[in-house]
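I have placed the structure first, in the form of structure tokens, so that the comments after it can refer back to it.
Coordinate-derived values only; no laboratory data. All of these numbers come straight from a predicted model, not from anything done at the bench.
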Amino acid sequence: MAVTGKTGADAIFVSLKHICRVLTKYQTKLNAAVAAAAAAGAITSGQQAAINAFIAVAVATCSAFEALATYAGF
């Protein structure tokens, strides 16, 4: 059964949805900027890997939260 109402999840979802839209729109440019920064030596290869992993996990998390929001009705 869906849990709806003032759980805070609805407010979190609204904020996360905005972040997800921006991340999806600029993901390619962000990845290019990360690669350029690594090539210039501004960030380490470990930092580059961490940023790239964060982006990949964020995209997957956006999909999971979208499914949760659909289920919960917010």
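For the Cα atoms of the chain, what angle does the longest principal axis make with the long axis of helix 45-72, in degrees from 0 to 90, nearest 10?
In the chain, helix 45-72 runs at an angle near 10 degrees to the longest axis.
Apply the Karplus curve 6.51 cos²θ - 1.76 cosθ + 1.60, θ = phi - 60°, to the phi angles in the stretch 13-21 and return the couplings in whole Hz, x for Gly and Pro.
Computed from phi, the couplings for the stretch 13-21 are 4, 4, 5, 5, 4, 5, 4, 5, 4 Hz.
Based on the alpha-carbon gyration tensor of the chain, what equivalent-ellipsoid semi-axes (square roots of 5 times the eigenvalues) come out, in whole Å, largest first?
In descending order the semi-axes read 33, 11, 9 Å.
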